[in-house]
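J.: Provided herewith is a single structure, encoded as structure tokens, for subsequent inquiry.
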């Protein structure tokens, strides 16, 4: 069952990415010139996308893959290029429409179904693999584990997700962000220590048949994110 905190944060994210930040996100994920800070974020995201792809088979022909929190669709397009039948979903209809337009340009739309909604919706069906790049980093650890448990129940092979590693800088930013009025800030990132997250995953009964496998930490300028793979034990 979804917690009140999860539902509140999900609503904040939908409004932020669909209205407040849609144009900025479109710009960041294009090849247009950006500031030095945003350039590090763009480069970091490119590296993380490749790290996630490296945890998946080169040939995904015939396999269903869920891109949970697809944003502007770069990862979904890369998965499609490997032969996957991709379901790409995001809370923001604006970003989903942009992803759809970019996929048409890349001529990969034939194997991607774009949807706007909640990544946890059981009506999405079963998947061979699930990827969630930087879409769970805004939720508290307990909610992240809850979401992963629900996704694992409908996944045959592996889940790859990212979390925000707890560092002194991120912890400070998190504390400062809480000091500002809600209307004046973007949805917070919720840093978590890797050891704490692994413990929560191990203690979750719904994930008893899953194990943590490969992982990758990407740190580039203002972009810091940690990818972790869950595989069937």
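J.: Considering only C-alpha atoms, what is the centroid distance from segment 115-166 to segment 27-97, in Å?
T.: Using only Cα atoms, the two centres lie 15 Å from each other.
J.: Order the peptides 68-77, 158-167 from the highest to the lowest mean number of other Cβ atoms within 10 Å of their residues. It would help to have the intermediate numbers written out before the result.
T.: Values: 68-77: 25.5, 158-167: 20.9.
Packing order, densest peptide first, comes out as 68-77, 158-167.
J.: To the nearest 500 deg cm²/dmol, what mean residue ellipticity at 222 nm is calculated for the chain from DSSP H runs of n ≥ 4 alone, each contributing -39,500 (n - 2.57), summed and divided by the residues? Numbers along the way, then the final one.
T.: Details: 8 runs with 92 residues, N = 233.
It lands at -12000 deg cm²/dmol.
J.: Relative to the present Cα-Cα distance, how much length would full extension add between residue 211 and residue 153 at 0.36 nm per residue of separation?
T.: Length difference between fully extended and current span is 19.5 nm.
J.: Right, next: Where is the GNM fluctuation largest for the chain (alpha-carbon springs, 10 angstrom cutoff): 86, 192, 131?
T.: Among 86, 192, 131, the largest GNM mean-square fluctuation belongs to 192.
J.: Given a Förster distance of 30 Å, report the FRET efficiency between residue 115 and residue 7 from their Cβ-Cβ distance, rounded to the nearest 0.05.
T.: On the way: r = 19 Å, r/R0 = 0.65.
So, using R0 = 30 Å, E works out to roughly 0.95.
J.: Rounded to the nearest 5, what % of DSSP beta bridges with both residues in the chain are antiparallel?
T.: Expressed as a percentage, antiparallel bridges in the chain total about 45.
J.: Hey, what did the chain get for relative contact order, percent, Cα under 8 Å, at least 6 apart? The partial results should precede the final answer.
T.: Working: 395 pairs, mean separation 49.0, N = 233.
Worked out over the chain, it gives 21 percent.
J.: Continuing with this model, one more query. Looking at the calculated P(r) for the chain, what percent of the C-alpha pair distances fall above 33 Å? The partial results should precede the final answer.
T.: Working: 2909 of 27028 pairs.
Of all Cα-Cα pairs in the chain, 11 percent lie more than 33 Å apart.
J.: On to the next question. Taking the convex hull of the Cα atoms, report for segment 26-72 its projected area averaged over all directions, in nm².
T.: Details: hull surface 16.2 nm².
Averaged projected area of segment 26-72's Cα convex hull equals 4.1 nm².
Values quoted throughout were computed directly from the atomic coordinates according to the rules given, and no laboratory measurement underlies them. These numbers come from a predicted model, not from an experiment. Cβ atoms come from the backbone with ideal geometry, glycine included; neighbour counts cover every protein chain shown.
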